[in-house]
Amino acid sequence: MSIVRNMDLAPAGRMKIEWVQDFMPALSAIRDRFAEEKPFAGKKITMSIHMEAKTAYLALCLAAGGAEVHATGCNPLSTQDDVAAGLASMGVEVYAWHGATAEEYTEHLTAALSCHPDLIIDDGGDLLELLSGPCAHLADNLIGGCEETTTGVHRLKAREKAGVLPFPMMNVNDAKCKHYYDNRYGTGQSVWDAVMHTTNLLVAGKTVVVGGYGYCGRGIAMRAMGMGANVIVTEIDPIKALEATMDGCRVMTMLEAAPQGDLFITATGCRDVITKEHFALMKDNAFLANAGHFNVEVNGEDLEAMAVRVYKRRDEIMGYELPDGRTLNLLAEGRLVNLASGNGHPAEIMDMSFAIQSLSLEYLLKNGKNLQKAVYEVPQSIDDAVSRVKLDAMRLKIDKLTEAQEKYLCGWEV
């Protein structure tokens, strides 16, 4: 039985789901095939992804394929209560509500796993953490799963290296049709959607400090420059640092950037990117936001310990007044700002990511029994299939190699 905040919100949630459906043609094409072939008939799928409209449509796509779907969130602040209710009213078991406590959040994850799933979709590794520990008994039917985000993939690979990965997992995050577009263009737009909506302040002319220049950081920096910001990038990777400077960003350490920034956005997947030594140097009314999966990149404990007063300034903005009178502003409790304070990535972007997810689950269903307990890359054939469906939906055509060109590229003779 679903656990949601208020089923009376279901009509508003269904409206959101129906809206994004019109802009997710690749996933819709897969849903049509699934509805005809029923590849997941008799199977149970547990999903832990941000509980918003695009995720809901993915759940409905899998249900159309015959699956019994159990869905929960992967972040207490990214769940939209109307979408949770709407999805629950459409035949999916949902266990999530906005603002869940740590205890409630774990209860929701556990409830979603109580069906003894055959397949899982994880986002950040919370399901895997439970299935490797207190909920190991619920993994008795498990064929394998898919991981959605960079942080979760890091954890998967660490488990694999240590020999403690309990079942095969697909690295969906690193599929080309996922991270090329989702991490760069999706994060680049949705982070600024959330920041601008939450602060209602100008971006042009501000100094924006981006922590990390992976695909997410590149997208955030690119859109900031496009809106007229001066962008500083901090990095630990010399290759990415060189790329950032050749893309037109200034590169320096976070300690050097701290007194210069007006707005700081972390996107590293690591902890303690911004800490007390940096807070001590920041301007009055500097803004702090995080676009990484967990709320550990901006050290909120350090910030609270330094503050003489903590107070709400706007929805999703807490002010931390320091002893010298400066105030630092933390967005969305340091959680994933584009989802905790916004609507997440655009539907057209998640169309590709969730098309990859659905086809990867189908691949696992067909091949999982023969796979080792390891992390597997998404087959190129799945990436190619999704990209071609997306091109068709956008009415774009590309060239095809002639026989002579194929022969030229495969040989050494001129």
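The values are calculated or read from the model by the stated rules, or taken from the named source; none is laboratory data. Given the structure is predicted, the values throughout are model-derived calculations rather than measurements. Cβ: placed from backbone, ideal geometry, glycine included. Neighbour counts: every protein chain shown. In case anyone asks, the SASA skips ligands and DNA or RNA and just uses the protein heavy atoms, side chains included. Shrake-Rupley method; radii C 1.70, N 1.55, O 1.52, S 1.80 Å.
Given Gly217, Gly228, Gly205, which one is under 21 Å from Ala332 (Cβ atoms) and open to solvent by less than 60 Å² (accessible area, probe 1.4 Å)? Break it down stepwise before answering.
Numbers: Gly228 fails: under 21 Å from Ala332 (Cβ atoms); Gly205 fails: under 21 Å from Ala332 (Cβ atoms).
Going through Gly217, Gly228, Gly205 in turn, the sole match is Gly217.
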Open item on the list: Quick check on region 237-254. Is at least one of its residues buried (at least 24 other Cβ atoms within 10 Å of the Cβ), among the β-branched types (Val, Ile, Thr) and either touching a Ser or Thr at 6+ places or on another chain (Cβ under 6 Å) or in contact (Cβ under 8 Å) with a residue 60 or more places away in the chain (or both)?
Closed with: no
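Among Thr268, Thr253, which is among the β-branched types (Val, Ile, Thr) and under 23 Å from Met196 (Cβ atoms)?
Values: Thr253 fails: under 23 Å from Met196 (Cβ atoms).
That would be Thr268, the only listed residue that is among the β-branched types (Val, Ile, Thr) and under 23 Å from Met196 (Cβ atoms).
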Task: Of all residues in region 360-379 being under 18 Å from the mean Cα position of the chain (by Cα) and assigned to a helix (DSSP H, G or I), the one that is surrounded by the fewest Cβ atoms within 10 Å (Cβ to Cβ) - done: Ser360
TODO: Report yes if some residue within region 18-29 is among the aromatic types (Phe, Trp, Tyr), modelled with pLDDT of 95 or more, farther than 17 Å from Ala355 by Cβ and open to solvent by 30 Å² or more (accessible area, probe 1.4 Å); otherwise report no.
DONE: yes
- [ ] Output the number of residues of region 300-326 satisfying the condition of being surrounded by 17 or more Cβ atoms within 10 Å (Cβ to Cβ) and of a type in the set (Ser, Thr, Tyr).
- [x] 1
- [ ] For region 202-222, state whether one or more residues are without any contact (Cβ under 8 Å) to a residue 12 or more places away in the chain and in a helix (DSSP H, G or I).
- [x] no
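Between Ile356, Ile382, which is in a helix (DSSP H, G or I), open to solvent by less than 80 Å² (accessible area, probe 1.4 Å) and touching a Lys or Arg at 6+ places or on another chain (Cβ under 8 Å)? Outline the logic, then answer.
Values: Ile382 fails: touching a Lys or Arg at 6+ places or on another chain (Cβ under 8 Å).
After ruling out the rest, the residue left standing is Ile356.
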Open item on the list: I'd like to check which helices (runs of 4 or more DSSP H) are fully inside region 1-113 and have at least 2 residues that are among the basic types (Lys, Arg).
Closed with: 10-21, 25-37
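Just to verify a result, which residue in region 385-400, among those that are closer than 19 Å to Pro25 by Cα and either part of a loop (DSSP other than H, G, I, E, B) or acidic (Asp, Glu) (or both), is least open to solvent (accessible area, probe 1.4 Å)? Full working, then the answer.
We begin by selecting, within region 385-400, every residue closer than 19 Å to Pro25 by Cα; these are 385-398.
Checking which are either part of a loop (DSSP other than H, G, I, E, B) or acidic (Asp, Glu) (or both) leaves us with 392, 394-398.
Details: Asp392: 112, Met394: 110, Arg395: 211, Leu396: 84, Lys397: 194, Ile398: 107 Å².
Looking at residues that are closer than 19 Å to Pro25 by Cα and either part of a loop (DSSP other than H, G, I, E, B) or acidic (Asp, Glu) (or both), I get Leu396.
From the list Ala332, Ala404, exactly one residue is among the small types (Gly, Ala, Ser), modelled with pLDDT of 95 or more and farther than 20 Å from Met169 by Cβ. Which is it? It would help to see each step written out before you state the result.
Working: Ala404 fails: modelled with pLDDT of 95 or more.
When all the criteria are applied, what remains is Ala332.
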Open item on the list: What pairs come out if I take residues in region 153-170 that are under 12 Å from Gly125 (Cβ atoms) and pair them with residues that are in a helix (DSSP H, G or I) whose C-beta lies under 6 Å away, six or more apart or interchain?
Closed with: Val153/Asn173; Leu165/Arg159; Met169/Leu156
Task: Neighbours by Cβ (under 6 Å, 6+ apart or cross-chain): first from region 1-26, under 18 Å from Ala100 (Cα atoms); second open to solvent by less than 80 Å² (accessible area, probe 1.4 Å) and of a type outside the set (A, V, I, L, M, F, W, C) - done: Ser2/Glu93; Ile3/Tyr95; Arg5/Asp81; Leu9/Asp81; Leu9/Asp82
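If you go through region 35-47 one residue at a time, do you hit one that is of a type outside the set (A, V, I, L, M), at positive phi and open to solvent by 50 Å² or more (accessible area, probe 1.4 Å)? Steps first, please.
Taking region 35-47 as the starting set, the residues that turn out to be of a type outside the set (A, V, I, L, M) are 36-40, 42-44, 46.
When the remaining residues are screened for being at positive phi, the result is 38, 42.
Within this subset, residues satisfying the condition of being open to solvent by 50 Å² or more (accessible area, probe 1.4 Å) are 38, 42.
Checked region 35-47: at least one residue is of a type outside the set (A, V, I, L, M), at positive phi and open to solvent by 50 Å² or more (accessible area, probe 1.4 Å).
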